Structure formats: C-alpha cells, structure tokens
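This report concerns only the one structure given below.
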Amino acid sequence: MVAIDRDYRESWVATDRHAGHDVWTCNENDGQIHGTIVGVHLESCIGCMKCQDVCPVDVFIAFEYDNSAVVDPVREKTCIFCLACEVACPTEAIAVQSSMGSDDTLNALLG
Ligand code: SF4
Ligand code: SF4
C-alpha cells in the first residue's frame with residue numbers, strides 16, 4: 001500500500017472525468033486519483049469511511065472500484081480545507097489541495 005503522491009497535480013495527468021471531478025493517472029500500475037481539490041488515491045484507500053465520518057461538509061461517498069470499497073470525493077467543491085480527512089485517513093490516501101487554503105489554514109492556526 002503506497003500513500004498518495006502529494007505532487008500528483010503537477011506530475012500526473014487528468015485523463016478522465018467522473019462524477020463531476022477529474023480522474024488523474026500516471027503510470028499504468030499507479031492507479032487512479034479522483035479529485036483535484038480533494039484527491040483520493042483509490043489504490044491506497046481501504047474503504048474505512050473515517051474520512052466521511054469526520055468531514056463536516058460530506059465531501060465523500062462510498063464507491064466501488066475494481067471490486068473494492070473506496071471513497072469518491074464527489075462534493076470536493078464544498079471542502080473547507082479543515083484537513084480532518086487527511087488526519088483521519090490511516091493509509092494517507094487523501095491530499096487536500098494546499099494552494100486552495102490548507103497551508104494558509106495551517107499557518108493561520110499556527111500563527
Ligand atoms: S479537508 Fe475537511 S472539509 Fe475538506 S474534504 Fe477533508 S474533512 Fe472535508
Ligand atoms: S479514511 Fe482513507 S482509507 Fe479510509 S475511506 Fe477515507 S480515503 Fe479511504
């Protein structure tokens with residue numbers, strides 16, 4: 001199990017669309033990342049639903065991919081960049097877009 005490539009928005013390519021968000025791919029064996037504001041690496045996800053439990057704005061829904069239970073960030077546009085999902089995820093499958101606010105949010109909290 002590998003963690004999500006946190007630089008995927010620069011190093012992967014948005015090759016498809018699904019449920020209103022981009023689907024990113026890289027090499028054939030690296031699988032798919034769904035979402036641009038909130039990225040979920042489907043191969044890293046174990047479908048534990050902890051992200052959905054902590055998300056205050058219901059970004060995630062359960063999704064079946066390659067016969068496995070995962071989540072899909074179907075409401076990524078509602079994200080408020082609280083990072084609760086990243087903290088809760090046991091497999092580091094999620095990367096919230098830092099340029100949209102997470103670093104700013106962290107800096108604001110730390111400052
Ligand atoms: S950062 Fe917060 S609001 Fe955004 S998807 Fe994660 S838990 Fe939900
Ligand atoms: S917390 Fe992580 S492993 Fe669990 S369902 Fe969400 S993305 Fe998948």
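The values are calculated or read from the model by the stated rules, or taken from the named source; none is laboratory data. Predicted model, so just to flag it, every value in this text is computed and none were measured. Cβ atoms come from the backbone with ideal geometry, glycine included; neighbour counts cover every protein chain shown. To get the accessible areas, we keep the full protein, side chains included, count just its heavy atoms, and leave off ligands, DNA and RNA. Shrake-Rupley method; radii C 1.70, N 1.55, O 1.52, S 1.80 Å.
Here are a few things to note about the model shown:
- Treating r as the C-beta distance of Ser11 and Val87 and R0 as 30 Å, the FRET efficiency rounds to 0.80.
- The figure for Asp58 is an accessible area of roughly 80 square angstrom, using a 1.4 Å probe on the protein chains alone.
- Base-10 log of normalised Debye intensity for region 8-110 (one unit scatterer per alpha-carbon) at q = 0.18, 0.20, 0.25 Å⁻¹: -0.81, -1.00, -1.51
- The accessible-area ordering, largest first, of the residues Glu76, Glu92 stands as Glu92, Glu76, per a 1.4 angstrom probe.
- Asp53, Asp72, Asp7, reordered so the largest accessible area comes first (probe 1.4 Å): Asp53, Asp7, Asp72
- Asp66 versus Ile80: modelled label distance in nm, points set 7 Å from Cα along the beta carbon direction: 3.4 nm
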